[in-house]
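See structure below.
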Amino acid sequence: MTSNNAIGVGIVGLSAHGGWAAGAHVPALRGIEGYELRALSASSPESGKAAGEAHGVPLVFDTAEELAQHPDVDLVVVTVKVPYHDELIKPALQAGKMVLSEWPLAADRQRAEALTAAARGVRTAIGLQARSAPAVRYLHDLIADGYLGTVLSTTMVGSGGGWGATYETDSKYLIDATNGATLLSIPTGHSLDALTAVLGDVMDISGHTVTRRPEVHHAVTGEAATMTSPDQVALTAILQSGAVAVVHVRGGMSRATNFRWEINGSDGDLVITAPPGLWWMNAVTICGAHGAETELAELTVPARYERVLPGRAAEPAYNVAHLYADLRDDIIAGTNLVPGFAHATRLHELLEGIR
């Protein structure tokens, strides 16, 4: 880190025209102390220059290699599409720089394993921000403190948003399973990781993936395309506690339920809901009842769990900012709040057991 002790960040894949990095990472970094967004690289010199001007980033590079080698960059953040993760993460690892990669880490488990091996001795982090979310942390503590008694089972159903009957031009790559950005890897991966963060690790898992819509159409032009990514994921797991977990993630959106998570115990019940299926980047509502209570009531997440961006839980940057706050603690204080590439590889392996 440079003399002012701020962690210098360089983002690979920051655009002047929106996208996840611009909508979530930039406001997250600027909403908390301890970081400085110092550098970026983009897909071309022209797009890099435009992004630098749009976001006020002083250092603009043509390649991820140049960005990673600059002394003012301490943490390289990779926010590009999954198929490009390998080639853009490796230069940062070779430069010995800390790396935060969006989830999924790679297009498949083998590539994730290779990145994990290459990262030995380097601090890495994976963008599974749901486990840093105040609501998820609160759920974990609520259950650990005995709100439910013994956890018996949990059921989660959600919609993927994408992978439905239509596709957009900029998201067409999602429908090709070989790109690794599927209903299984993204919505199911984020959801399963959050479930285990709250209730404990998986001991045994099985499931199925199915493509019920092998032909999908462009949302504007109607052009047909083949979808090889699954649009249905159903899994059953036994957690290390012995509790039973059932998860069903569906492509597209539902007119009924887009996200509902029930956790049932010997002395209580919890229900977590969100209007959109992509719940890990949105605000959720928690309701519960236990003991002699017979009706569910909304439970407010205590203010102490909200470390940054107060009152902004509905924004994509909110949970990402909490991940950055946790990572800052890991870097400065040596804690281990944000998992790295080894954890990501284990999640890749777990998901492979569902196919």
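The values are calculated or read from the model by the stated rules, or taken from the named source; none is laboratory data. Owing to the predicted nature of the structure, the values given are computational and were not obtained by experimental measurement. Note that we place each Cβ from the backbone using ideal geometry, even for glycine, and neighbour counts take in every protein chain shown. Areas reflect the complete protein model, heavy atoms only, side chains present, ligands, DNA and RNA absent. Shrake-Rupley method; radii C 1.70, N 1.55, O 1.52, S 1.80 Å.
When each of A6, A16, A22 is tested for being of a type in the set (A, V, I, L, M) and closer than 18 Å to E315 by Cβ, the lone residue that passes is A22.
Out of the residues in the stretch 248-258 meeting the condition of being among the hydrophobic types (A, V, I, L, M, F, W, C) and open to solvent by 10 Å² or more (accessible area, probe 1.4 Å), tell me which one is nearest to G149 (Cα to Cα).
At the first step, the residues of the stretch 248-258 found to be among the hydrophobic types (A, V, I, L, M, F, W, C) are 249, 253, 256.
So of that shortlist, the ones also open to solvent by 10 Å² or more (accessible area, probe 1.4 Å) come out as 253, 256.
On the way: M253: 34, A256: 30 Å.
Residue satisfying both the conditions and the ranking: A256.
For the stretch 218-236, the set of residues classified as under 10 Å from H248 (Cβ atoms) and open to solvent by less than 20 Å² (accessible area, probe 1.4 Å) consists of V233, L235, listed by residue number. Residue under question is T196, and the condition is that it be polar (S, T, N, Q), under 28 Å from A144 (Cβ atoms) and in a helix (DSSP H, G or I); does it hold? Considered against the rule, which asks whether it is polar (S, T, N, Q), under 28 Å from A144 (Cβ atoms) and in a helix (DSSP H, G or I), T196 comes out as yes.
This table checks each residue for (1) small (G, A, S); (2) in contact with a Leu (Cβ under 9 Å, 6 or more places away or on another chain); (3) open to solvent by less than 10 Å² (accessible area, probe 1.4 Å); (4) free of Cβ contacts under 8 Å to residues at least 40 places away in the same chain.
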position: W20; (1), (2), (3), (4): no, no, no, no
position: P27; (1), (2), (3), (4): no, yes, no, no
position: R38; (1), (2), (3), (4): no, yes, no, yes
position: S41; (1), (2), (3), (4): yes, yes, yes, yes
position: S44; (1), (2), (3), (4): yes, no, no, yes
position: E102; (1), (2), (3), (4): no, no, no, no
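Residues are listed down the side, and each one gets a yes or a no for (1) charged (D, E, K, R); (2) touching a Pro at 6+ places or on another chain (Cβ under 9 Å):
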| site | (1), (2) |
| --- | --- |
| E46 | yes, no |
| K49 | yes, no |
| A68 | no, yes |
| P71 | no, no |
| Y84 | no, no |
| K90 | yes, no |
| P104 | no, no |
| A117 | no, no |
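Please go through the stretch 78-90 and give me each residue that is part of a helix (DSSP H, G or I) and open to solvent by 50 Å² or more (accessible area, probe 1.4 Å), ordered by number.
Hits for the stretch 78-90 are Y84, E87, K90.
Quick one: in the stretch 168-208, of everything that is polar (S, T, N, Q) and in contact with a helix residue (DSSP H, G or I) (Cβ under 8 Å, 6 or more places away or on another chain), which residue is farthest from A245 (Cα to Cα)? Step through it out loud before you land on a result.
Start the filter on the stretch 168-208 by keeping residues that are polar (S, T, N, Q), which leaves 169, 171, 178-179, 182, 185, 188, 191, 196, 206.
Now drop any that are not in contact with a helix residue (DSSP H, G or I) (Cβ under 8 Å, 6 or more places away or on another chain), which leaves 179, 182, 185, 188, 191.
Details: N179: 28, T182: 21, S185: 18, T188: 13, S191: 12 Å.
If we take residues in the stretch 168-208 being polar (S, T, N, Q) and in contact with a helix residue (DSSP H, G or I) (Cβ under 8 Å, 6 or more places away or on another chain), then N179 is farthest from A245 (Cα to Cα).
Can you name the residue in the stretch 316-346 that is in contact with an Asp or Glu (Cβ under 6 Å, 6 or more places away or on another chain) and aliphatic (A, V, I, L, M) and is also surrounded by the fewest Cβ atoms within 10 Å (Cβ to Cβ) among such residues? So, considering only residues that are in contact with an Asp or Glu (Cβ under 6 Å, 6 or more places away or on another chain) and aliphatic (A, V, I, L, M), the one surrounded by the fewest Cβ atoms within 10 Å (Cβ to Cβ) is L337. Taken together, the residues in the stretch 152-202 that are open to solvent by 30 Å² or more (accessible area, probe 1.4 Å), aliphatic (A, V, I, L, M) and more than 20 Å from L128 (Cα to Cα) amount to 3. For first residues located in the stretch 329-344 and under 21 Å from E113 (Cβ atoms), partners that are β-branched (V, I, T) and open to solvent by 60 Å² or more (accessible area, probe 1.4 Å) and lie 6+ apart or on another chain with Cβ distances below 7 Å do not occur. Number of residues in the stretch 1-18 that are without any contact (Cβ under 8 Å) to a residue 40 or more places away in the chain and not hydroxyl-bearing (S, T, Y): the value is 6. Within the stretch 46-77, the set of residues being assigned to a strand (DSSP E or B), in contact (Cβ under 8 Å) with a residue 60 or more places away in the chain and surrounded by fewer than 20 Cβ atoms within 10 Å (Cβ to Cβ) is empty. Considering each residue of the stretch 1-8 in turn, none proves to be modelled with pLDDT of 95 or more, among the hydroxyl-bearing types (S, T, Y) and either in contact with a Pro (Cβ under 9 Å, 6 or more places away or on another chain) or crowded, with 21+ Cβ neighbours inside 10 Å (or both).
When you scan the stretch 12-20, do you find a residue that is in contact with a strand residue (DSSP E or B) (Cβ under 6 Å, 6 or more places away or on another chain) and closer than 26 Å to T345 by Cα, even just one? Working first, answer last.
Filtering the stretch 12-20 for residues in contact with a strand residue (DSSP E or B) (Cβ under 6 Å, 6 or more places away or on another chain) gives 12, 14.
Restricting the remaining residues to those that are closer than 26 Å to T345 by Cα gives 12, 14.
Yes, that holds for at least one residue.
Of the residues A95, A112, the single one that is at pLDDT 95 or above, open to solvent by 40 Å² or more (accessible area, probe 1.4 Å) and of a type outside the set (F, W, Y) is A95.
Looking at the stretch 288-311 only, could you name the residues that are in a loop (DSSP other than H, G, I, E, B), in contact (Cβ under 8 Å) with a residue 40 or more places away in the chain and open to solvent by 50 Å² or more (accessible area, probe 1.4 Å)? Talk me through it step by step, then tell me what you get.
Of the residues in the stretch 288-311, the ones in a loop (DSSP other than H, G, I, E, B) are 291-296, 300-302, 306-311.
Still in the running and in contact (Cβ under 8 Å) with a residue 40 or more places away in the chain: 301-302, 306-309.
If the condition is that a residue be in a loop (DSSP other than H, G, I, E, B), in contact (Cβ under 8 Å) with a residue 40 or more places away in the chain and open to solvent by 50 Å² or more (accessible area, probe 1.4 Å), then E306, R307 are the ones that fit.
T209 fulfils the conditions (1) in a strand (DSSP E or B); (2) at positive phi except for a single criterion, (2).
Pairs linking a residue in the stretch 207-225 that is under 15 Å from W163 (Cβ atoms) to a residue that is acidic (D, E) and surrounded by 10 or more Cβ atoms within 10 Å (Cβ to Cβ), with Cβ atoms under 6 Å and 6 or more positions apart or on different chains, are T211/D231; R212/D231; R213/D231; A219/E168.
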